[in-house]
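Everything on this sheet refers to the single structure shown next.
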Amino acid sequence: MDRQRENLSVLISDDLLSQCIHCGICLSVCPTYDITKLERSSPRGRIRLIKAFANSEKLLGELFEEEMSFCLGCRACETACPAGVQYNTLHQTVKDIINKRKKFSIQKIALKYFLNKVLTSSTKLKSFSKMLSHYQKSWLRKFLHSTDLLKNISPKLFLMDELSPQISNAASDELIDEISLPENEQKYNVAFHVGCIMNVAFADINIDTIEVLKKSGCKIRTPKNQNCCGALHAHNGELDTAKKLAKSNIDLFESFEYEYLISNSAGCGAFMKEYKELLKDEKGYSEKAKLFSAKVKDVMEFLTGNSVKLNYKSYNDCVTYHDACHHVHGQGIFDQPRKIIKEIKDINYKELNESTRCCGSAGIYNILRHEDSMEFLDRKMKNVLYTKADLLLTGNPGCLLQLRYGIKKSSSPIKARHIVSFINELSDNSKV
Amino acid sequence: MDKTTKSKLKEIVGNNNFFDSNEDKLSYSFDATPIYQQLPEAIIFPGNDGEISQIVKLANTEKFNIVPRGAGTGLSGGSIPVENSIALVMTKWDKILEVDSANFTATVQPGVITGRLQNEVEKSGLFYPPDPGSSSVCTIGGNVANNAGGLRGLKYGVTKNYVMGVEMVLPNGDLLKTGGKNVKDVAGYNLRDFIVGSEGTLGIITKVILKLIPKPKCSSTIIAFFDKMIDCSNAISGIINSFITPAMLEFLDSTTLNCVEDYAKLGLPKNSEAVLLLELDGREEEVREDSEIIKKIFSDNRASIIKTANTILESSNLKAARRSAFSALARVKPTTILEDATVPRAEFPVLIEKVKQAAKDNNLIFANFGHAGDGNLHPTCLTDERDTSEIDRAHKAFEFIFNEAIKLGGTITGEHGTGLTKKDFLENVAGIPGVEMMKKIKSVIDENNIFNPGKIFSNTPRCEGALPFNKNQIKPFSG
């Protein structure tokens with residue numbers, strides 16, 4: 001017991017815990033506290049529990065684990081926290097510890113298999129998605145859905161089916177050249193991270209991103225056989241795998257020269273920026289990780305940071321924007337998308353109420369904790385519908401799926417798109 | 001607390017509103033006060049006046065204590081559980097029952113968040129001025145119980161100036177209704193004002209009628225940076241002597257400025273020794289004229305930079321940054337002991353010097369910020385609760401600061417309340433007859449001493465250190 005206690009207090013940094021002065025400012029932004037109105041579902045409450053867990057975990061039971069899994073990991077509390085508490089680090093560490101001890105369950109084995117076997121290898125993920133794609137287009141799916149058979153057999157499987165992305169015909173890294181040249185004069189030399197899910201399920205958004213970068217004067221290097229960034233693993237208590245993936249990405253990109261590593265997925269961008277924290281104690285990688293993380297830029301950050309001007313066509317419909325948690329809270333990206341949208345000719349932009357509040361997608365939270373996730377989505381959709389906008393933009397694939405699901409459920413005519421696809425369509429390259 | 005009592009409580013409020021897991025007890029064992037903590041026996045969310053009344057009656061017969069709680073953002077330990085107590089949490093009572101624009105009043109439940117009320121009444125062109133630093137989280141019930149102050153105290157006063165009526169379940173279970181929408185009301189003792197600031201020791205507030213005023217037409221926010229503290233002090237005196245009453249006059253020292261800038265990233269120059277953040281409001285011409293005079297006072301006192309916020313966003317960013325000061329200071333050291341020693345406004349610069357002396361004498365880091373306009377300073381000791389000798393020195397330093405404040409004609413607490421943290425000093429400022437009178441009143445209203453006992457004045461031992469988890473570890477309660 002004593003040794004275990006010692007281990008825990010080494011793993012969970014006392015300094016990080018003490019940083020929280022429990023002032024309660026986080027209560028105003030926490031989506032889970034908002035639902036339960038219980039302190040244990042609040043950031044300061046959870047930190048208090050983690051403190052108790054680190055000292056003497058015997059006191060805590062299933063409720064503690066439940067609270068750790070109930071937390072979306074949206075990091076809104078970090079944005080709100082004046083004291084600069086690194087809540088996310090604490091939360092991920094604890095999830096990892098809990099996960100390592102957990103008894104086996106079919107759900108856990110399946111998830112572990114998916115995270116550790118499928119997502120870690122781009123070839124396996126591709127064959128998995130081919131299978132999924134065949135299924136999605138098959139008569140079998142139509143049959144299962146039209147007869148409600150799947151819903152009856154397994155509600156959870158039905159949800160997974162509903163919420164999983166429509167697999168693209170081909171993975172984006174098969175379609176994107178290893179080197180793409182700018183349309184006009186070359187101004188920047190960048191690399192592109194295709195992402196794992198993005199690569200197989202949102203190939204079109206990846207291609208749109210390449211197009212936008214080409215219009216912006218970028219020479220783009222898109223290496224084949226890229227690995228998942230590891231964010232999903234870290235959020236679900238698989239820190240070791242996340243570290244392995246981080247190292248392999250660092251190794252892969254090390255052999256190229258580039259100014260920025262562009263990402264179009266909020267979760268990936270945020271996590272790759274954190275490699276420097278993740279690997280700070282890893283021999284041979286701490287310095288490399290610092291260099292790697294420093295170059296990571298979200299595509300919107302790249303565009304506004306370099307004052308890239310695209311030549312936009314006019315657009316008249318009403319547009320609103322949802323901030324992905326891992327943009328606004330994870331990377332402090334808030335002004336950038338608004339700046340980009342407002343550059344569009346004749347744009348009618350309407351600010352979304354509570355735009356920085358989590359939509360409930362949160363990685364694979366919407367599958368693992370579907371009912372909770374739907375509460376967050378309902379609130380998001382209420383705000384979205386209130387804007388009466390025609391088009392809902394966001395910068396993150398996870399949110400996009402969740403929002404499209406919400407739109408479908410509410411049978412609203414509004415469309416949801418990735419901001420990069422939108423600006424690619426509206427920008428006229430010939431004159432730039 | 002035994003199982004039968006607990007099941008009786010469950011019967012009253014229902015299983016869904018009763019919590020007593022270790023997880024829940026731990027997460028309700030503290031509020032925003034540093035160091036102090038104590039586990040409650042249970043956490044209860046009552047549904048209506050009737051349920052509260054039943055709980056109170058049960059507390060009298062079963063001899064357990066009741067600690068009322070709002071958002072738990074207090075800084076004097078008012079909502080920290082005491083021995084053998086339940087936390088009675090009012091956050092779900094969050095309805096704004098009425099905004100009466102004919103009589104300029106708002107009737108609210110105690111769990112309404114102060115900031116939300118402000119936004120709501122502003123939609124009708126009205127204004128609720130009390131503006132505690134934690135307004136985005138704290139509740140009206142807690143504001144009334146502690147007579148909360150805030151950033152606009154100088155011109156607009158504090159919570160007590162806006163409470164017109166209160167409903168409260170008394171320690172015998174009766175429902176007291178006092179005050180109302182009348183501007184004038186002298187029927188009997190003024191119980192309403194007596195309840196304001198009673199810190200949950202006299203009952204639990206269930207409804208509040210608040211006074212509103214018309215929203216000022218125009219406002220202007222000015223920020224001035226000073227290289228020398230003495231210049232800043234002279235500027236404060238200059239403003240007081242100019243007969244202009246700003247809506248807000250906030251002071252921040254360099255330590256506070258640095259932390260706030262690290263958090264808010266507004267691009268404020270970090271190398272100044274002192275900053276004044278000032279807001280004027282009123283009619284447009286008035287604001288324009290006054291701001292010229294103020295800017296002249298600033299430049300006459302060698303302010304290095306004077307800036308006027310150009311947009312509402314700029315101004316609200318500056319104010320939000322100031323509100324974050326207390327928590328932002330935790331960036332220096334993890335425990336921030338924030339007090340609210342207050343002096344007559346002209347003595348404000350003297351008090352700042354006394355704090356500096358206390359810091360030096362006890363080898364501590366102190367940051368200073370506060371409401372320069374109304375004399376309410378927030379000397380904040382930046383320390384680490386894991387370092388016990390430093391905490392001892394901090395207590396000594398605060399004792400010195402409180403005594404110096406009293407010597408200057410001031411008080412130990414301007415807006416946080418006495419609670420647990422300052423009750424040792426109460427006698428110094430209220431005098432023995434004062435404290436005796438308070439104790440007598442309390443014993444008459446709350447015969448069995450069940451409402452928040454040990455807060456403000458009783459002499460129970462301080463609850464510090466590790467939390468007890470079984471009965472044997474708990475010291476018997478001695479009132």
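Miscellaneous remarks
- Two-decimal log10 I(q)/I(0) for the stretch B:348-396, as the Debye equation yields it once each C-alpha is a single scatterer, q = 0.17 Å⁻¹: -0.50
- Rounded tilt (10° steps) of B:388-407 against the dominant C-alpha axis of chain B: 70
- The stretch A:237-292 - percent relative contact order, Cα under 8 Å, separation 6 or more: 34
- Nearest 10 degrees, 0 to 90: helix B:426-445 Cα axis against chain B principal axis: 30
- Think of each Lys and Arg Cβ as +1 and each Asp and Glu Cβ as -1; about the Cα centre, that makes the dipole of the protein assembly as shown roughly 1960 debye.
- Working note: Debye formula, equal point scatterers on the alpha-carbon atoms of the stretch A:229-334, no solvent; log10 I(q)/I(0) at q = 0.21 Å⁻¹ is -1.13.
- Between B:Asp300 and A:Asp335, the simple spin-label model (points 7 angstrom out along Cα→Cβ) gives 3.7 nm.
- The distance from the alpha carbon centre of the stretch B:153-197 to that of the stretch B:287-313 is 38 Å, rounded to a whole number.
- 10 Å Cβ neighbours from other chains, averaged over peptide A:60-67: 3
- Distances between placed amide hydrogens fall under 5 Å for B:Ala274 paired with B:Phe226, all partners being 5 or more residues away or on another chain.
- Nearest 10 degrees, 0 to 90: helix B:284-300 Cα axis against chain B principal axis: 70
- Between the listed residues B:Tyr128, B:Gly157, B:Phe104, the Cα displaced farthest toward the positive end of the dipole of the stretch B:48-190, a dipole computed from Cβ unit charges relative to the Cα centre, is found at B:Gly157.
- With viscosity 1.567 mPa s and temperature 4 °C, the Kirkwood radius over alpha carbon pairs of the stretch A:2-99 converts through Stokes-Einstein to a diffusion coefficient of 97 µm²/s.
- Largest to smallest in accessible area, the residues B:Ser389, A:Ser69 fall in the order B:Ser389, A:Ser69 (1.4 Å probe, all protein chains included).
- Interface residues in the stretch A:25-41 - accessible area drops by 30 Å² or more relative to the isolated chain, probe 1.4 Å: A:Ile25, A:Ser28, A:Lys37, A:Leu38, A:Glu39, A:Arg40
- Sorting A:Arg101, B:Arg331, A:Arg46 by accessible area puts them as A:Arg101, B:Arg331, A:Arg46; the probe is 1.4 Å, largest comes first, and only protein heavy atoms count.
- Sorted largest first, the spans of the alpha carbon positions of the stretch B:22-112 along the three principal axes are 47, 33, 21 Å.
- When the Cα positions of B:Asn376, B:Ile294, B:Val444 are compared along the charge dipole of chain B, B:Val444 comes out farthest toward the positive end, with charges on each C-beta of Lys, Arg, Asp and Glu.
- 1.4 Å probe accessible area per residue over the protein assembly as shown, in Å²: 42
- Once divided by 2.2 N^0.38 Å, the Cα radius of gyration of chain B becomes 0.98.
- Zone of B:Leu191's modelled label, taken as backbone nitrogen in the stretch B:129-169 under 18 Å from a point 7 Å along Cα→Cβ: B:145, B:163-169
- Surface composition of the protein assembly as shown: carbon plus sulfur atoms hold 51% of the accessible area, using a 1.4 angstrom probe and ignoring ligands, DNA and RNA.
- Rounded to the nearest 500, the helix-only mean residue ellipticity at 222 nm of chain B stands at -10500 deg cm²/dmol, with each DSSP H run of n ≥ 4 adding -39,500 (n - 2.57).
- Size descriptor, Kirkwood hydrodynamic radius, that averages inverse alpha-carbon separations across the stretch B:168-327, Å: 18.6
- The stretch A:2-99, dipole about Cα centre (Lys/Arg Cβ +1, Asp/Glu Cβ -1), debye to the nearest 20: 160
- Equivalent ellipsoid dimensions for the stretch A:310-428 as semi-axes, Å, which come from the Cα gyration tensor, largest first: 24, 15, 12
- What separates the Cα centres of the stretch A:301-322 and the stretch A:335-403 is a distance of 17 Å.
- With all protein chains modelled, accessible area of B:Val429 [1.4 Å, Å²]: 50
- Residue-level accessible surface for B:Met437, protein heavy atoms, 1.4 Å, Å²: 120
- Protein heavy-atom accessible area occluded, B/A pair - total, 1.4 Å probe, Å²: 2800
- Taking only the C-alpha atoms of the protein assembly as shown, Rg followed by Dmax gives 29.3, 88 Å.
- Rolling a 1.4 Å probe across all protein chains gives B:Leu266 an accessible area of roughly 60 Å².
- Only Lys, Arg, Asp and Glu carry charge here, each on its Cβ (+1 for the first two, -1 for the last two); on that basis the stretch B:332-422 has a dipole of about 160 debye about its Cα centre.
The values are calculated or read from the model by the stated rules, or taken from the named source; none is laboratory data. Because the structure is a prediction, the values reported are computed rather than measured. As a convention, Cβ positions derive from the backbone with ideal geometry for all residues, glycine included, and neighbour counts pool all protein chains shown. Ligands, DNA and RNA are excluded from the accessible area calculation, which covers all protein heavy atoms including side chains. Shrake-Rupley method; radii C 1.70, N 1.55, O 1.52, S 1.80 Å.
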